[in-house]
Amino acid sequence: MKAFLKQYRLIAFFILAFALSWYPWILALLRGRTTGPNPLGPLVAAIIMTAVVSGRPGLRDFFSRLVRWRVGAKWYAVTFGTPVLVCLLAVAVTFCCLPHSQIASLSNEKLCELPERFLFILLFIGLGEEPGWRGFALPQLQTKYSAYCEFNSSASLGPLASAIDRKRIPASNRHSVSYLSLRRHVHADMGV
């Protein structure tokens, strides 16, 4: 089994990542409810596949890449500060453009959700999805395919994934995933 997984590591990773990501949604649908995917699925799949394929040295390398600083602290401040500034700018534009009667209907609870949503996106989506896709799948793909092939597949699949997100998520919850759709479009445009 280990030899089979080593030979087909990328296919096994994708099957495992999608199974671990989408099982909550499938279970919820069977119960007549809705929910989103598990954003930690790709990370867990990458950890499992790295352990199977490369053992402890591979896991050590995988986790060390998560905390290795490749740029100066200034760029980390820009990276983490930009989404916070964009959220604050969005709140400011909302307050400037809405009539005063509608501003009063915005509750403090909704505004207090912004930091929680930011932390959720950072910790679960950023640190849940990206290490799996970029830390395991991308290096495997780059051994066989050029960046040009990657750009073409991302550019065509990114908008499709966003369209699926829009149809899958109830209209009342779409505001919480608009960042995800935007991120997919940006990634597709950048070819990452």
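Every number here is computed from the coordinates shown, using simple stated rules; none is lab data. Predicted, not measured: the structure shown is a model, and the values here were computed from it. Neighbour counts are summed over all protein chains in view; Cβ atoms, including those assigned to glycine, are modelled from backbone coordinates with ideal geometry.
Structure above, values below:
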{"quantity": "Restricting the stretch 33-115 to chymotrypsin sites (Phe, Trp or Tyr not before Pro) in coil, as DSSP defines it, with at most 10 other Cβ within 10 Å", "calculated": "Trp69"}
{"quantity": "Fraction of alpha-carbon pairs over 25 Å apart in the stretch 2-144 - percent", "calculated": "48 percent"}
{"quantity": "Extended-chain gain in nm, criterion 0.36 nm per residue less alpha-carbon gap, Ala51 and Arg65", "calculated": "3.5 nm"}
{"quantity": "Relative contact order (%) - criterion: Cα under 8 Å, at least six apart; region: the stretch 2-144", "calculated": "35 percent"}
{"quantity": "Pairwise FRET efficiency - Thr34 versus Thr94, Cβ, R0 = 35 Å, nearest 0.05", "calculated": "0.85"}
{"quantity": "Residue-span extension gain [Leu111 to Leu27] - 0.36 nm each, minus C-alpha spacing", "calculated": "27.1 nm"}
{"quantity": "Computed E for Ile11/Leu123 - FRET, C-beta separation, R0 30 angstrom, nearest 0.05", "calculated": "0.55"}
